[in-house]
Amino acid sequence: MEIKKRSEMDPRYTWDLSHIFATKEGWEAALSEAEKAVAAIPALKGTLTESVDALKAGLDAIYAAVEKVELVYLYASLHKESDNGDPEYQNMEGRAVNLYVSLSSAVSFMNPEILSAGEEKVKAMLGDEKLALYRHELGDIIRSAPHTLDEKGEMMLARLGDVSSAPSDAFGMLESVDMTFPDTLGEDGNDSALSHGNFMVYMSSSDREVRRSAYEKYFGEFKKYINTFAATYAGSVKFDTYFADVRSFDSALAAALFSSNVPTDVYDSLLEAIHDGLSDMRRYTDLRARALGADELTMYDLYCPMVKGVDAKYTFEEACALVKKALAPLGERYGELLDRAFTERWIDVYENKGKTTGAFSCGVYGVHPYVLLNFTGTLEDVFTLAHELGHAMHSFFSSEAQEFPTHDYKIMVAEVASTVNEVLLTKYLLATETDPARRAYVLNHFLEGFRTTVFRQTLFAEFEKKAHEMYKAGTPLSADVLNKLYLEINKTYYSGVNVEDLHAIEWARIPHFYRAFYVYQYATGFCSAVAIAQGIVDTGDAKDYLRFLTTGGSDYPIEELKIAGVDLSSPEPVRRALKVFAETIDEMEKTI
């Protein structure tokens, strides 16, 4: 089936961005206002620490400008995400990005000026109730003193903001716009269109030849451009390392984790715990091979259902109804917000030409969150819907409870809310499904959640860590170097699988690598969510969890998670989750 142009899509299944600005003329007017707000910021220089009132007035003005800039940027960015090839949207986003760079430059004096007043004076000012809204941020500025440059240095780094996004921008244009794929073998034995959006549909096919054809055609296309992908990713690593060095961090990893106040020990203990659990991963892949009747498992055998004869397909409306039922333990208000998301066009549902691949949620303060999908009707897509709505509701509750300066939560807690929804959906399906084959299908999906979100994302995390370490040690990150590294790690994680050479280039398709050291939080988030969801089901009480959703960025992530009963400063949440993985393998063995 030919992929439609954006203009051909049914509006009922596209997001309505007029909720942000009714017209593009309205956006232009808001952009002009944001430019004026940014232009007024330099006049605050030299006044911030004169008094508590001056500091409050300065921070109020700065955050008012940030809010204006963010709104015009998100409107432009979401338009572009729906059709990356549209030159008008490219232009709009480019102008908004330029304004963001101007904003960064304009506020670059803020932290050095506050720090120049001395820790003692700033802490004394923090005691005044007038600064209650900014207490966490100002405390964080004090914490960041060893990594803050003088005003000139901060200004220079701010001006690099636009330049440093070049590798990610190049990746996005190559992967989402310029690349096309040859036809592949369809279920009916005929040629069928292959795209980013439907690749996983083929990989989930029960026909091994369909899977093999899609795998080879898809990755074969990436292989054609592998040197370009290596150059863009190496450029991203270079920027990561440069910023870390300039700010006197020991590593790019330490720099990335610093903003959330997460010790690098948390990252390293995740890798260690997952390596300790690789024997259960081997148990799972061996079970998968037996279930599929395969003498040898390949990488294109990992996504198809282990249970045959179960045709789990859903319309979007059916998926919405199922998700709402599964999330009923989160309360009536949560359900009402889901209805709004479904009916008020918060969600962009289907693939179209030029649309960003995958799925994401984007909170828009003062409006509501938006969700991008590439829905094809599989059970995986139903879980993706639940996942992204978890992000969306986290954004909604945080924005509702917090003022703008503290509404935005850190990445480390972002994946918790999304995965709690996935686990609740799993538990609902297991509790309501009586057919053994369909139960096995759901167990298979839960196990795949562990494989893809805990083990696979940790695999990605290990690749990122080693790639950055290799560059830091002087090794050029060529395609051959990156391919070899990625292949070796995959062979460690998938010891019972034939990891063929073509799989060495999979790293090239992962957009999250351009946001360094992001992916490990999928794993910690999943492990945290398993514990939280189990507690909600056992007690019928989601009160503490819902309170956690309102915290936004008012505290550090590890402290916020403690509200929901999870302490990630200890490796125990990960180890407990791996125990659930092992127990689910046991149940799956009995079931099939």
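The values are calculated or read from the model by the stated rules, or taken from the named source; none is laboratory data. This structure is a prediction, so every number in the text was calculated from the model and none was measured. No Cβ is skipped: glycine too gets one built from the backbone with ideal geometry, and neighbour counts run over all protein chains shown. Protein only, heavy atoms only, side chains kept; ligands, DNA and RNA dropped before computing areas. Shrake-Rupley method; radii C 1.70, N 1.55, O 1.52, S 1.80 Å.
Could you list, in sequence order, all residues of the stretch 364-395 that are open to solvent by less than 30 Å² (accessible area, probe 1.4 Å) and either in a loop (DSSP other than H, G, I, E, B) or of a type in the set (F, W, Y) (or both)? Residues satisfying the conditions are V364, H368, P369, Y370, L373, N374, F375, G377, F383. When D245 is tested against (1) surrounded by fewer than 19 Cβ atoms within 10 Å (Cβ to Cβ); (2) at pLDDT below 95; (3) over 25 Å from V499 (Cα atoms); (4) not small (G, A, S), just one condition goes unmet, and that condition is (2). Taking residues in the stretch 77-100 that are free of Cβ contacts under 8 Å to residues at least 60 places away in the same chain, and partners anywhere that are of a type in the set (S, T, N, Q), the pairs with Cβ atoms closer than 9 Å and at least 6 places apart or on different chains are K80/Q90; K80/T356; Y89/S77; Y89/S82; Q90/N84; E93/S77. Among the conditions (1) within 19 Å of E388 (Cα to Cα); (2) open to solvent by 40 Å² or more (accessible area, probe 1.4 Å); (3) not basic (K, R), the only one that I563 does not satisfy is (1).
Only one of the numbered conditions (1) closer than 23 Å to F383 by Cβ; (2) in a loop (DSSP other than H, G, I, E, B) is not met by F249, and that is (1). If I filter the stretch 357-394 down to residues being farther than 19 Å from H79 by Cβ and polar (S, T, N, Q), which single residue comes out as modelled with the lowest pLDDT? Result: T378. A count restricted to the stretch 460-493 and to residues that are closer than 22 Å to D280 by Cβ, touching a Leu at 6+ places or on another chain (Cβ under 8 Å) and of a type outside the set (G, A, S) stands at 6.
E187 falls short on exactly one of the conditions (1) assigned to a loop (DSSP other than H, G, I, E, B); (2) open to solvent by less than 60 Å² (accessible area, probe 1.4 Å), and that condition is (2).
Within the stretch 566-592, the residues that satisfy the criterion of being surrounded by 14 or more Cβ atoms within 10 Å (Cβ to Cβ), over 14 Å from V530 (Cβ atoms) and polar (S, T, N, Q) are S569, T591. E67 - would you say it is part of a helix (DSSP H, G or I), touching a Phe, Trp or Tyr at 6+ places or on another chain (Cβ under 6 Å) and within 30 Å of G26 (Cβ to Cβ)? Considered against the rule, which asks whether it is part of a helix (DSSP H, G or I), touching a Phe, Trp or Tyr at 6+ places or on another chain (Cβ under 6 Å) and within 30 Å of G26 (Cβ to Cβ), E67 comes out as yes.
Each residue in the stretch 215-242 was checked for being in contact with a strand residue (DSSP E or B) (Cβ under 6 Å, 6 or more places away or on another chain) and open to solvent by less than 20 Å² (accessible area, probe 1.4 Å), and 0 of them qualify.
Just one of the listed residues (E336, E351, E317) is of a type in the set (D, E), part of a loop (DSSP other than H, G, I, E, B) and out of contact with any Lys or Arg (no Cβ under 6 Å at 6 or more places or on another chain), namely E351.
Can you pull out the residues in the stretch 454-480 that are open to solvent by less than 40 Å² (accessible area, probe 1.4 Å) and either touching a Ser or Thr at 6+ places or on another chain (Cβ under 8 Å) or assigned to a strand (DSSP E or B) (or both)? Passing the criteria: only H468. Which ones in the stretch 308-327 are under 25 Å from the mean Cα position of the chain (by Cα) and open to solvent by less than 60 Å² (accessible area, probe 1.4 Å)? Of everything in the stretch 308-327, those that are under 25 Å from the mean Cα position of the chain (by Cα) and open to solvent by less than 60 Å² (accessible area, probe 1.4 Å) turn out to be Y314, F316, A319, C320, A321, L322, V323, A326, L327. For the stretch 518-537, a residue qualifies if it is closer than 30 Å to F229 by Cβ and either open to solvent by less than 10 Å² (accessible area, probe 1.4 Å) or of a type in the set (S, T, N, Q) (or both), and the qualifying residues are V519, Y520, Q521, A523, T524, G525, F526.
Any residue in the stretch 538-550 that is of a type in the set (A, V, I, L, M), within 21 Å of S259 (Cβ to Cβ) and crowded, with 21+ Cβ neighbours inside 10 Å?
The answer is yes; a qualifying residue exists.
Exactly one residue out of S269, S236, S260 is within 22 Å of the chain's Cα centre (by Cα), assigned to a helix (DSSP H, G or I) and either within 22 Å of E559 (Cα to Cα) or among the aliphatic types (A, V, I, L, M) (or both), and it is S269. Please enumerate the residues belonging to the stretch 137-151 that are assigned to a helix (DSSP H, G or I) and of a type in the set (G, A, S). Within the stretch 137-151, G139, A145 qualify.
Here E415 does not fit the description of being at pLDDT below 90 and within 17 Å of A326 (Cβ to Cβ). Against the definition (over 28 Å from E129 (Cβ atoms), hydrophobic (A, V, I, L, M, F, W, C) and touching a residue at least 12 places away in the same chain (Cβ under 8 Å)), how does L48 come out, yes or no? For L48, the condition - over 28 Å from E129 (Cβ atoms), hydrophobic (A, V, I, L, M, F, W, C) and touching a residue at least 12 places away in the same chain (Cβ under 8 Å) - is not met.
Going by the conditions given, is K491 out of contact with any helix residue (DSSP H, G or I) (no Cβ under 8 Å at 6 or more places or on another chain), open to solvent by 10 Å² or more (accessible area, probe 1.4 Å) and free of Cβ contacts under 8 Å to residues at least 24 places away in the same chain?
Criteria met by K491.
Screening V177, V72, V122, V101 for residues that are at pLDDT 95 or above and either among the β-branched types (V, I, T) or under 28 Å from E506 (Cα atoms) (or both) leaves exactly one candidate, V72.
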